[in-house]
Amino acid sequence: MTSSPTTLSFTTLPHPAPVPAEARAEALVDPKFGTVFTDYMIMVDYDSDKGGWYQAQVLPRGPIALDPAASVLHYAQEIFEGMKAYRHPDGGIALFRPEENARRLNDSARRLAMPELPEALFLESLRQLLAVDRAWVPAAEGSSLYLRPFMFASEAFLGVRPARQYKFMVIACPVGAYFKSGHSAVKIWVSRDYVRAAPGGTGAAKTGGNYAASLVPQAEGIAHSCDQVVFLDAVERRWIEELGGMNLFFVFDDGTVITPPLGTILPGITRDSLMRLMRDEGLTVREEPYSIDQWRADAHSGRLVETMACGTAAVVTPVGTVVDPEGDFTIGSGGPGQLTEKLRGRLTGIQTGRHPDPHGWVVRV
């Protein structure tokens, strides 16, 4: 499903009661992930009978009026993205590879039988929101403004077919570290009873249902004092896929790196960026299957020296301990590894404007 307009004029509505500057400054001191939100939001409407995307607004953040028969509530036509805006040393604001988020949103849209959003409109929506919420972008090290673009079916009907009406929105929240442990190594739980995605399913799409499917095994992991859950493939229950919301890399003592291949997992933008940075360092990075049994054996033998988890929210995080019903194991010393720390420094340095950007990934707004 596609729509023809590539640009729309945004209408900005005045905010009746924005957060006072003092309260905003206090909120930016130690922002908890996903709990404090900015003053404004973006809303763009779609109606196939009106020719596609037809109304773009910058609104005071608030509740959405939604019919109880809205398709998203019954058939789960919903997709989203996750990205960040960074405060640079000169006070400016930048996004990191936002065009890749626009493309991935449309990949998800096609899989969920939803209309594609023109990339220019996606990028303009981010600029519009940052123009009014600029003061919400924190300057403290390790902090950023998390942006959540999302789309859902809003047509009121109870028939199983693609909806004809949708809303695209963007909300934002200042954030600090994703994991309570900060940059130290995380502990992950191996899900033996549940899978996240299957071949031919929606694993490669960024849709809410994938994350809903991870909540029960995530609760299992928390019960075992773990930070995240790792999923195995749905067919053989043997091959490592990804965490509940992050991709994985396995670093070996010969300098090679393996990451699970795409197909049933999300094509992470952080994942792709790290692959490029590692290849810039002369490392050999292979996309190939890697089994849970091999992971354990390589950790025990010392052949595996590091495991990295990566994603927009947590950036690059070392995995120290794996808790598995069939036998726990520790990676390396159980703490952060040298390559993980180096890559985290390089990537965050590029994102925040403290390091050169050789690939042209940073977009100033």
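Of note:
- Close contacts from region 163-181, counting a first residue that is within 30 Å of Arg111 (Cα to Cα) and at pLDDT 95 or above and a second that is acidic (Asp, Glu) and not in a strand (DSSP E or B), with Cβ to Cβ under 8 Å and a gap of 6+ residues or different chains, come to Ala163/Glu155; Arg164/Asp49; Arg164/Glu155; Gln165/Glu155; Tyr166/Glu155; Ala172/Asp133.
- Filter pass, Gly92 being out of contact with any Ser or Thr (no Cβ under 7 Å at 6 or more places or on another chain) and at positive phi: no
- In region 1-85, counting only strands (runs of 3 or more DSSP E) that sit wholly within it, none holds 3 or more residues that are assigned by TED's automatic domain parsing to the domain that holds Pro267, under 22 Å from Leu145 (Cα atoms) and touching a Phe, Trp or Tyr at 6+ places or on another chain (Cβ under 9 Å).
- Looking across region 132-163, the residues that are in a strand (DSSP E or B) and either under 17 Å from Gly311 (Cα atoms) or of a type in the set (Lys, Arg) (or both) come down to Ser144, Leu145, Tyr146, Leu147, Arg148, Pro149.
- All told, Ala219 falls short of being small (Gly, Ala, Ser) and part of a loop (DSSP other than H, G, I, E, B).
- When Gly245, Gly200 are screened for being touching a residue at least 40 places away in the same chain (Cβ under 8 Å), outside any strand (DSSP E or B), outside the structural domain of Asn101 (by TED's automatic domain parsing) and of a type outside the set (Lys, Arg), only Gly245 passes.
- Residue in region 104-114 that is within 25 Å of Pro174 (Cα to Cα) and buried (at least 22 other Cβ atoms within 10 Å of the Cβ) present: yes
- Here the condition is being aliphatic (A, V, I, L, M), at pLDDT 95 or above and farther than 30 Å from Arg276 by Cβ; of Ala94, Ala109, Ala85, Ala21, it holds for Ala21 alone.
- Looking across region 248-273, the residues that are part of a strand (DSSP E or B) and touching a Ser or Thr at 6+ places or on another chain (Cβ under 9 Å) come down to Leu248, Phe249, Phe250, Val251, Thr256, Val257.
The values are calculated or read from the model by the stated rules, or taken from the named source; none is laboratory data. This structure is a prediction, so every number in the text was calculated from the model and none was measured. Virtual Cβ from ideal backbone geometry, glycine too; neighbours counted across all protein chains shown.
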